[in-house]
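For reference, the structure is listed below as structure tokens.
Read the figures in this text as sums done on the coordinates, not as results from a lab. Fair warning: this is a prediction, and the values are worked out from it, not measured in the lab. With ideal geometry, Cβ positions are generated from the backbone for all residues, glycine too; neighbour counts draw on all protein chains shown.
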Amino acid sequence: MATRTVTVQRPAPMDAPQGVVRSGAAVLKGMWIASRHFWRNFWGFVRGKPTVFTVQYPEERLQQPPAFRGMPVLVQMENGKERCVACGLCEWACPTDCITIYPAETDDEIERYPRVFDIDMSRCMFCGLCEEACPEEAIVMSHRVEIAAFSRRGTVWHKEDLLVPLRELETTRFPHIRRTYESPAAE
Amino acid sequence: MPNNDRLLSIIRGRCAEAVIRTDDYRGDATVVIRPERLLEIARVLRDDRELAFDLLLDVTCVDYLGQQPRFELVYHFYSTRHRHRLRLKARVPESDPTIDSLVPLWVGANWLERETYDMYGICFRGHPDLRRIYLYEEFEGHPLRKDYPKEKRQPLIGPGSKGTYKPRPPEIPHAHRVEGMLGAELMRVQLGPSHPATHGTVRIVLDLDGETIVNADVEIGYLHRGFEKECESGFYYQAIPYTDRLNYSSAILCNVGYCMAVEKLFGVEVPLRGQFVRVIGGEISRIADHLLCIGATALELNAFTPFLYALEARELAWDLINALCGARVTSNFVRIGGVSADLPEGFAELCQQNFKRILELVADAEGMLLENPVFRARMEGVSIMSPERLIAYGVTGPLLRAAGVDLDLRRAEPYLIYDQLDFDVPLGSQGDNLDRFLVRLTELRQSIRIVEQCLRLIPPGPVDVDDPALRLPPKGRVFNRMEDMINQFKLVTEGPKPPPGEVYFAIESANGELGYYLVSDGTGKPYKCRARTPSFSNTQPLAEMVRGRLLADIVPTFDMINMIGGECDR
């Protein structure tokens, strides 16, 4: 075992008279540290390369990593239809039961489709278990996060709202999906 | 590994007629006893030199509805001297759900038994203060009983409702009631539930004599949301997002603990690379947790600037977690039988870059605080508690290590790959708030060291076990092979099904021992899923720590306990 215990070094007690001197020095040291941060940020501002940590949302937005899990969306294929075949696995996997699916059939090549596909975004916790469960890569987490609504009813997203073109997802979430789930590129 | 056979034979020898049976399943030693002999056996367990179970970790109950006797009390013990564990079980019938209280032996049993009373309606004979702990007095029924439906609604209480609500002043058990020094009456002050100087929703009812605290009663439960009931109603894999919300400042550690407990039920181990990824994620979480604790302490002692530095550093740690698993707080990273994703590309460089800045910021925050006379006066020598007393309360983690007790599960019972790593376990010398602060600072730096080592040593290979009974097959195979498609459907709709049995598994989380006690009945849903969370046990001694001290001492003490509401109230 390579671990060992160490006893933490306590700073010397602040007894008078040295304590008074050290307290004064501590004030100066604090000012030195704070002003160093100030000048760093100031020069960053002057040089046009801001070092300030805060981001002015919504004017400025962070670049999210490919792994980022935003809201779940439905993949829209080139022909404008959803890839989903309404198997209902995401409904099973969802811990909060926020997905509602009513399946139906058509005469298309993919004959099953969801007549209704609702996600209650006020219950969804962006855990990504639906994406993992999906055997068709039809429901994926996107980089979209803005789900605010003016009413409770407005937080329920229907199929038309949830469809996101494959093109947009190819540049955001799909690289992560391909890598993680070892799935082949789309046909 | 501790020798369970020897341990069990000692116990059988010491109290033969009280023991019904003993077993050893997956390395957990279990003793089933007659309930009327509990106090006697517990005394032997604590006082016998060869057993020396000084730490009562957990008290809980399992409701076997339909069996006789119905309720099974479950106690978990740990010995800090011999480093062995024991589970003690005793059954009580539904008609008389009463058992002796362990408060005379371990003072920390107080809250644990109150919780069991609250959730299961078990009465503890000789308990000094058997009240509900999470729920309110008017609550009808005991929610963790199996015949309590999850959807059941409770009557509204409060002014204006039709119920039997009577507003009443909060009562404190008045064992310590004394006359004020000036002969005047004591003043009742309510700190919280939402107080700017305490992070976490907790109410502390204080009786003050001038500025001196005479009585304190800590009231928790404001964030109670039925973690255990929720876990028992879903599949094993559906509980993982809920474990995120236990300790929300170090979610990955909670994930790791839960998934490893389920894996222990299955008896499987994840591949080496998966273990490394878990350690990396967990240690970054620990860094974030300690940074929050340090920053919030500074803030609540009126030092705003170091708080901003610490939070900027935590943001950098969260950026790493975000790159790893796609969320900063609710990571949902670990899976049963692996992790949700391998390390992203360029992760080692990102770590190197962020750690460099984190260390600079921590040094700045430390430089502003440690020599500051105000900070020192409020931390030094405040709320000292002896190691023996802390252990009697069931305290673990940095709080206990600051009192000089060498108990870090990463070192005491190395899990994952911690036995291959090189790191220091910091201990305090005096056990005051300053030591607690310094221990956290040192642990943070050691965690950075651990992650750097892991990134250097991590081997190539798979991160998940290739077992269709546990882990979803890769999507590429699901698209192309019928068996894998069937596996995918079976695993999602039925959940992984561990063999019947019960396990307890604990990891060292940022605040101490985080243990999960799982009971499987062979189905896809846990029969019982209990989280033994460190914040719960660590918050309990607060009242005693601050008794006799000034009102202002509550704030640094509460900060150093680092109560996380989600974990304490579950």
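Worth pointing out:
- Partner chain coverage, peptide B:373-379 - average Cβ within 10 angstrom: 3
- The stretch B:455-533 gives an Rg/Rh value of 1.09, both radii derived from C-alpha positions and Rh following Kirkwood.
- The stretch B:230-532: projected area of the alpha-carbon convex hull, averaged over directions, in nm²: 15.8
- If you take the Cα centroid of the stretch A:112-187 and the Cα centroid of the stretch A:1-64, the two points sit 41 Å apart.
- Prolate/oblate/rounded call for the stretch B:4-125, Cα gyration tensor, a/c under 1.5 rounded: prolate
- Entry for the stretch A:72-181 at q = 0.20, 0.23 Å⁻¹: log10 I(q)/I(0) = -1.11, -1.45, Debye formula applied to identical alpha-carbon scatterers, no solvent contribution.
- For chain A, alpha-carbon Rg over 2.2 N^0.38 Å: 1.65
- Exposed chymotrypsin sites (Phe, Trp or Tyr not before Pro) absent - longest run of chain A, DSSP non-H/G/I/E/B, at most 15 other C-beta within 10 Å: A:54-149
- Applying a DSSP loop filter and a limit of 12 other Cβ atoms within 10 Å to the trypsin sites (Lys or Arg not before Pro) in the stretch B:438-515 leaves B:Arg481.
- Loop-located trypsin sites (Lys or Arg not before Pro) in the stretch A:1-89 (DSSP state other than H, G, I, E, B) with a sparse environment of at most 16 neighbouring Cβ atoms within 10 Å: A:Arg47, A:Arg61, A:Lys81.
- Ranked list, fewest to most other Cβ atoms within 10 Å of each Cβ, for A:Cys94, B:Cys123, B:Cys293: B:Cys123, A:Cys94, B:Cys293
- Within chain B, B:Cys15, B:Cys61, B:Cys123, B:Cys254, B:Cys259, B:Cys293, B:Cys325, B:Cys351, B:Cys454, B:Cys568 have no other Cys Cβ under 4.7 Å of their Cβ and so lack a disulfide-compatible partner by this rule.
- Sequence of A:Val156, B:Val478, A:Val46 once ranked by neighbouring C-beta atoms within 10 Å, starting from the fewest: A:Val46, A:Val156, B:Val478
- ³J(HN,Hα), Karplus 6.51/-1.76/1.60, whole Hz, each residue of the stretch B:92-100, x for Gly, Pro: 10, x, 5, 5, 9, x, 10, 8, 5
- Where only alpha carbons of chain B are counted, the Rg and the Dmax (Å): 23.8, 84
- Restricting the stretch A:1-101 to GluC sites (Glu not before Pro) in coil, as DSSP defines it, with at most 14 other Cβ within 10 Å: A:Glu59, A:Glu60, A:Glu78
- Interchain or long-range residues, amide H under 5 Å from B:Ala29's placed H: B:Arg87
- Per-residue Cβ neighbour rank within 10 angstrom, fewest leading, B:Thr60, A:Thr106, B:Thr523, B:Thr201: A:Thr106, B:Thr523, B:Thr201, B:Thr60
- Built amide H within the under 5 Å cut-off of B:Ala402, gap 5+: B:Gly428
- Scaled against the 2.2 N^0.38 Å expected of a compact globular protein of N residues, the Cα radius of gyration of the protein assembly as shown reads 0.99.
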